[in-house]
Amino acid sequence: MIKKIILLAACFQAAVSVYAQTEKQKQMIYEQINRDSKMEGIIKKIDPIENKKALFRDAQVLPVFKIRMKKDFKPELIQNKNYYLVLYLQRLYVFMDNKTTRLVENNPVVTSILDFNSKKINYFVVYFTDTFSFNNQYLMPCLVDKDLSVVIDKGSSLSFESYIDKRYGSKDKYEEKLILDEKRQKLSVNEFDTAVNYNYEAYQTICSQDTLLVIKTMINQIGFAVKTLTKEQQEELTIRLNFKINPDKLLEEQLGNTLTAAKVKESDIKIALAQSRAENKKRVKENVKQTGLYSFNIYNVSTTEELIDILTSQQFSDYKNYIDLWYPIIETQNNYNNNKYRYNYGKDILEKQV
């Protein structure tokens, strides 16, 4: 038992000290915190910092780890060297790549860290999956104890298994989100260029009158995501989606076929079709956009049923995963915004190239 405690303590120290900030990161930390010294919050304004040496003499730099669950459901720490927290005079800063945020002083993460520090309790700063706000990727940090048995999130403590079940519903769902995180990090500029060309919603805005172009672009997006989409499926989708956004066209076509089959004179058919178009124009039409994260809309009409009907279960799943990959669901500290909106990941790929 003593050996186990010594080993855990040694592992904790090694994990914390495995990575030190680069000079570029240290400079960014210094500039941000020194600039922030002029601002007041719940705690009083701090004095300007003399230099980097003085800052890092008093600051506590906390590495950040992503949690990966092994097959035996034991957690594994994977350090993200571009993420780190800095605690300076009870102010907690979150650094992610080139983005910096400061948590308010009464944030549960801040109070938990201050409490653990005062009690000299060893801990790790971790996150489980990538999270996104309306305009950027950001960090929702949790704390775990040194032997990786308890997760502290917003001041509440749960076992790893209970935490994952509560937040994700199941271990399998959590694993699915981890896989998407890994794929998202590997997306290239070339893939982004292709994704932009298949963004049918952009075409819908720019070329709103060209419905066939918009439909074709959406089907191209599905084909890019699914890979196994057949020519026959593309043709059937084209027909079904065209009729879905323009149901009057379908009614007119059916009327024409019925009259032709009844051997009605062509001149009378033209009169009947003209009357049908006039009646259709008189009707009040309301296209109410179907809401929901998996309501695939085109011209404010949901096409989800058509996709489910024509695509195989695996194809539909692949398309859903493609949407989740490029447009991750927003999850913020404000629960009102959660599971209602999506974030466009494309610009993040370009930022990585700068």
Inset, instruction - Among residues belonging to the range 176-194 that are open to solvent by less than 50 Å² (accessible area, probe 1.4 Å) and not small (Gly, Ala, Ser), point out the one that is nearest to Trp326 (Cα to Cα). - result: Arg184
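Can you find a residue that is under 30 Å from Tyr341 (Cα atoms) and modelled with pLDDT under 90 anywhere in the range 246-253?
Yes, the range 246-253 has at least one match.
Within the range 123-147, count every residue that is of a type in the set (Phe, Trp, Tyr) and open to solvent by 30 Å² or more (accessible area, probe 1.4 Å).
Keep residues of the range 123-147 that are of a type in the set (Phe, Trp, Tyr), which gives 123-124, 127-128, 132, 134, 138.
After this cut, where a residue has to be open to solvent by 30 Å² or more (accessible area, probe 1.4 Å) as well, the list is 134, 138.
Result for the range 123-147: 2.
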Legend entry - Count - residues of the range 195-224 that are more than 19 Å from the chain's Cα centre (by Cα) and open to solvent by 80 Å² or more (accessible area, probe 1.4 Å): 6
Legend entry - Scan of the range 229-245 for residues that are among the polar types (S, T, N, Q) and open to solvent by less than 60 Å² (accessible area, probe 1.4 Å), ordered by number: Thr230, Gln233, Thr238, Asn242
Inset, instruction - Sort out which residues of the range 191-248 are within 21 Å of Gln315 (Cα to Cα) and not in a helix (DSSP H, G or I), and write them in order of number. - result: Tyr198, Asn199, Lys227, Thr228, Leu229, Thr230
Inset, instruction - Kindly indicate whether Lys270 is modelled with pLDDT of 90 or more, open to solvent by 90 Å² or more (accessible area, probe 1.4 Å) and of a type outside the set (Gly, Ala, Ser). - result: no
Inset, instruction - With the condition kept exactly as written, say whether any residue in the range 172-184 is acidic (Asp, Glu) and touching a strand residue (DSSP E or B) at 6+ places or on another chain (Cβ under 9 Å). - result: yes
Inset, instruction - Taking Glu286 as the residue in question, decide whether it is over 30 Å from Tyr319 (Cα atoms), at pLDDT below 85 and out of contact with any Phe, Trp or Tyr (no Cβ under 7 Å at 6 or more places or on another chain). - result: no
Legend entry - Residue count for the range 48-87, restricted to those that are in a strand (DSSP E or B), farther than 17 Å from Phe160 by Cα, without any contact (Cβ under 8 Å) to a residue 60 or more places away in the chain and open to solvent by 50 Å² or more (accessible area, probe 1.4 Å): 2
Legend entry - Answer from Lys166, Lys120, Lys173 - the residue that is open to solvent by 50 Å² or more (accessible area, probe 1.4 Å), in a loop (DSSP other than H, G, I, E, B) and free of Cβ contacts under 8 Å to residues at least 40 places away in the same chain: Lys120
Legend entry - Sole exception among (1) over 25 Å from Val150 (Cα atoms); (2) modelled with pLDDT of 85 or more; (3) within 30 Å of the chain's Cα centre (by Cα); (4) open to solvent by 30 Å² or more (accessible area, probe 1.4 Å) for Ile29, by number: (4)
Legend entry - Per-region count, the range 88-108, residues open to solvent by less than 20 Å² (accessible area, probe 1.4 Å) and more than 21 Å from Ile49 (Cα to Cα): 1
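The values are calculated or read from the model by the stated rules, or taken from the named source; none is laboratory data. Note that the structure is predicted; figures quoted are calculated from it, not measured. Note: ideal-geometry Cβ built from the backbone for every residue, glycine included; neighbour counts use all protein chains shown. All accessible areas refer to the heavy atoms of the entire protein, side chains included, with ligands and DNA or RNA removed. Shrake-Rupley method; radii C 1.70, N 1.55, O 1.52, S 1.80 Å.
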